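To keep things clear, I will list the structure first and then write my remarks on it.
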Amino acid sequence: MTKQKISKTYEEINARIKAGEAVVVTAEEMVEIVRKKGPEQAAREVDVVTTGTFAPMCSSGMFFNFGQMIPTIKASRVWVNKVPAYAGLAAVDAYIGATEPSEDDPLNKIYPGEFRYGGGHVIEDLLRGKKLLLEAKAYGTDCYAAKKMKKEVGLDDLPYALLCNPRNGYQNYNCAVNLSDKAVYTYMGMLKPHCRNANYCSAGELSPLLNDPYYRTIGIGTRIFLGGGIGYVTWHGTQHNPNAPRTAGGVPRKAAGTMMVQGDLKQMSAEWLRGVSILGYGCSLAVGLGIPIPILNGEMAAFTGVADEDLYTQIVDYGHDYTNGIVRNFGEVNYAQLKSGTITVNGKEVQTAPLSSVVMARKIAETLKRWIADGKFLLNRPAQTLPDGS
């Protein structure tokens, strides 16, 4: 007799988590389970699949309040360690972006356009317990008379610090090459001329949105691992594109969905939020992010059972085309090939290198797995899932 298809609820899965009975596996482990037992049986046996990614995510930053002074001030310009922050919010509120460079970077004075310190480094330094120089200027009003502020602040001195990232966790991304005759320096790293290297930036089968390609379980209020603490998805991210071309299994073949995420910076760790300097490009922030995927049915088991060899991306020339707003396809490659260390482009064997760390992504998935197995982390049903293009 044919078994009835499995169907679970968030409430049932959370009850199993609370009772210490939930079966939790990482996305890498789920690949083997689905391969051996099929999606329906995998869904019967597994309750949650954990994912992870750790890579530069330029669209990141921090909202913070730096405390009032006497007389009070309504800051119009703010710097932290000479990195400008946006102050057009309220009296002593500001936002510092990960890619904002220091105005006093000594490397920039020697090599114009080069920066080794920026907003991402400010966030990491705060998490490392360092004291940073905060400066503010104001135009002065009757209710906010002060025009200047200067003080040293650490994370504990800030009344409020919220990591708020408008675009994180890209669902797939390009494989970057350079077919021109000179080296180019990009957010995908340095690309050697004549296609002598290929860089990519995804954890492949561990990557969060690749394990839920149609966003069935991810949306407003989804609880996640963020920067070593607990965060939340707050909406789709900027440049969210759910209508990207897909494989027969529904996985996007190029850059597609993104998430806006946030969480209390004071519960996070510098292990999972690191300032980054990318040669010839600028500053960024490497972000550790992981999402638990509830296995509600066989469909979700199939999605989370996808392997690196089933995940494809496009090879894009960043030398001739990309800077002119043109994206031309020079082939398609899967993540098993990318992770092998070499791919073939135009008949030539090319070395590959990741900007994302699979080692760290695996550690995030394992950490999230342990939190759930220990009953410390429950799943949230999203108030509304991310737009899926329908």
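The values are calculated or read from the model by the stated rules, or taken from the named source; none is laboratory data. Since this is a predicted model, take the numbers as computed values, not measurements. Cβ coordinates were reconstructed from backbone atoms using ideal geometry, including for glycine residues, and neighbour counts include every protein chain displayed.
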Within the range 157-174, considering residues that are in a strand (DSSP E or B) and not polar (S, T, N, Q), the one farthest from the chain's Cα centre (by Cα): Y160
For L162: the one exception among (1) in contact with a helix residue (DSSP H, G or I) (Cβ under 7 Å, 6 or more places away or on another chain); (2) surrounded by 18 or more Cβ atoms within 10 Å (Cβ to Cβ); (3) not small (G, A, S): (2)
Where a residue in the range 94-118 is modelled with pLDDT under 75 and its partner, wherever it lies, is of a type in the set (G, A, S) and crowded, with 17+ Cβ neighbours inside 10 Å, with Cβ under 7 Å and at least six apart: F115/S102; F115/S277; F115/G282
Top-ranked residue of the range 71-92 - restricted to ones that are without any contact (Cβ under 8 Å) to a residue 40 or more places away in the chain and surrounded by fewer than 17 Cβ atoms within 10 Å (Cβ to Cβ), ranked as nearest to G275 (Cα to Cα): Y86
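Got a sec? Which of Y10, Y95 is within 25 Å of G228 (Cα to Cα), touching a strand residue (DSSP E or B) at 6+ places or on another chain (Cβ under 9 Å) and surrounded by fewer than 16 Cβ atoms within 10 Å (Cβ to Cβ)? Break it down into steps so the answer makes sense when it comes.
Details: Y95 fails: surrounded by fewer than 16 Cβ atoms within 10 Å (Cβ to Cβ).
Result: Y10 is the single residue among Y10, Y95 that is within 25 Å of G228 (Cα to Cα), touching a strand residue (DSSP E or B) at 6+ places or on another chain (Cβ under 9 Å) and surrounded by fewer than 16 Cβ atoms within 10 Å (Cβ to Cβ).
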Yes/no for G219 being of a type outside the set (A, V, I, L, M), assigned by TED's automatic domain parsing to the domain that holds G169 and farther than 23 Å from L355 by Cβ: yes
Pair list, Cβ < 8 Å and 6+ apart or interchain, from the range 172-199 residues that are free of Cβ contacts under 8 Å to residues at least 60 places away in the same chain to residues that are buried (at least 21 other Cβ atoms within 10 Å of the Cβ): A183/L191; K192/N178; H194/N178
Filtered residues of the range 326-375 (kept if part of a strand (DSSP E or B) and basic (K, R)): K348
Only listed residue being at pLDDT 95 or above and assigned to a loop (DSSP other than H, G, I, E, B), chosen from A302, A383: A383
Test: G257 is of a type outside the set (F, W, Y), buried (at least 22 other Cβ atoms within 10 Å of the Cβ), at pLDDT 95 or above and part of a loop (DSSP other than H, G, I, E, B): yes
Single residue of the range 21-42 satisfying the filter (outside any helix (DSSP H, G or I) and within 24 Å of L289 (Cα to Cα)) that is nearest to the chain's Cα centre (by Cα): T26
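Looking only at the range 77-96, decide whether some residue is farther than 25 Å from M268 by Cβ and either part of a loop (DSSP other than H, G, I, E, B) or among the acidic types (D, E) (or both).
yes
If only one of V122, V153, V177 is at pLDDT 95 or above and in contact with an Asp or Glu (Cβ under 7 Å, 6 or more places away or on another chain), which one is it?
Answer to the check: V177.
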From G280, G319, G263, G288, residue being small (G, A, S), outside any helix (DSSP H, G or I), assigned by TED's automatic domain parsing to the domain that holds V25 and buried (at least 24 other Cβ atoms within 10 Å of the Cβ): G288
Criterion (over 20 Å from V345 (Cβ atoms), over 13 Å from the mean Cα position of the chain (by Cα) and surrounded by 24 or more Cβ atoms within 10 Å (Cβ to Cβ)) met by exactly one of N211, N178: N211
Residues located in the range 345-390, provided they are without any contact (Cβ under 8 Å) to a residue 60 or more places away in the chain and under 19 Å from the mean Cα position of the chain (by Cα): V359
